[in-house]
1. Per residue of region 73-84, what does 6.51 cos²θ - 1.76 cosθ + 1.60 with θ = phi - 60° give for ³J(HN,Hα)? Whole Hz please, x for Gly and Pro, Karplus curve as stated.
2. Three principal axis extents, largest first, for the C-alpha atoms of the chain, in Å?
3. Pairs to check: LYS84/LYS148; LYS145/LYS166; LYS89/LYS166; LYS84/LYS109; LYS130/LYS188. Give those whose C-alpha atoms are more than 22 Å from each other in this structure.
4. What nm distance separates the two modelled labels at ALA128 and SER31, each placed 7 Å from Cα along Cα→Cβ?
5. For region 109-151, taking Cα atoms only, what is the radius of gyration to one decimal and the Dmax to the nearest whole Å?
6. When the helices in the chain are scored as -39500 (n - 2.57) per DSSP H run of 4 or longer and the sum is shared across all residues, what 222 nm value do you end up with, to the nearest 500 deg cm²/dmol?
7. Nearest 0.05, what FRET efficiency do LYS177 and GLN76 give at R0 = 30 Å with Cβ-Cβ as r?
8. List the cysteines of the chain that have no other Cys Cβ closer than 4.7 Å: which are they?
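Read-outs: derived from the displayed coordinates by stated rules, not from any lab. Being a predicted model, the structure only gives us computed values, none of them experimental. Positions of Cβ are generated from backbone atoms using ideal geometry, with glycine treated the same way; all protein chains shown enter the neighbour counts.
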Amino acid sequence: MMMKFLPPLLVVLTTLIGAQGTALAQTELASAMQDGRHVLLMRHADAPGYGDPRGYQLTQCSTQRNLGEAGNRQAQLTGEWLAKQGISKAQVYSSPWCRCFDTAILLNKGAVTKEAALGSFFDDMSQAKKQTDDLAKLIQDERIKYPKAPIIMVTHHVNIQSFTGKVVNSGDMVLVKVNSSGQALSHKLYPSP
């Protein structure tokens, strides 16, 4: 008689264990982001094309490469995914480029501050070291100001690659453990949901 109930019982137990495992995994990112030693760098969501049009201006979105419909949706879904991970609010910073700022806004995690240190150096790769040093300084300053708050920084692939050594796709996120000087120690990739 007991054998008859064993398979359904196993299904229920497996489901419960799986749900608890998922809940634990969901809190790992949120816990790391509140320990004062991590920041989440995100590449802007999908923006069709490559680089920016000739003569673009940072003060005029219409002159830049911007998010497409898929990018807008991708940014919104990422914000929803972050909420499921336990990150409903964060200190949010963005590159001055419109595709980054729009991505940051669509995450819906709070007010967004534009920071030059997150700006692309794709057009002038000789700026890589300076921009990367500026990013480390920004991270250091903001971790001091907000030691336990999640920090999200939306930027460009060249910035993330220079800072972490990791190549990322549009919308990908990299959780970076930093030292007290804001320099990267280690990282974990979170692909775009």
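1. For region 73-84, the Karplus-derived couplings read 5, 4, 5, 4, 5, 5, x, 5, 4, 4, 4, 5 Hz, x marking Gly and Pro.
2. Cα spread of the chain along its principal axes, largest to smallest: 78, 39, 28 Å.
3. Values: LYS84/LYS148 19 Å; LYS145/LYS166 27 Å; LYS89/LYS166 26 Å; LYS84/LYS109 12 Å; LYS130/LYS188 24 Å.
Too far apart for the 22 Å limit: LYS145/LYS166; LYS89/LYS166; LYS130/LYS188.
4. My value for the distance between the label points is 3.6 nm.
5. 12.1, 35
6. Working: 5 runs with 84 residues, N = 193.
The helix contribution divided over the chain gives -14500 deg cm²/dmol.
7. Rounded to the nearest 0.05, the efficiency is 0.60.
8. CYS100
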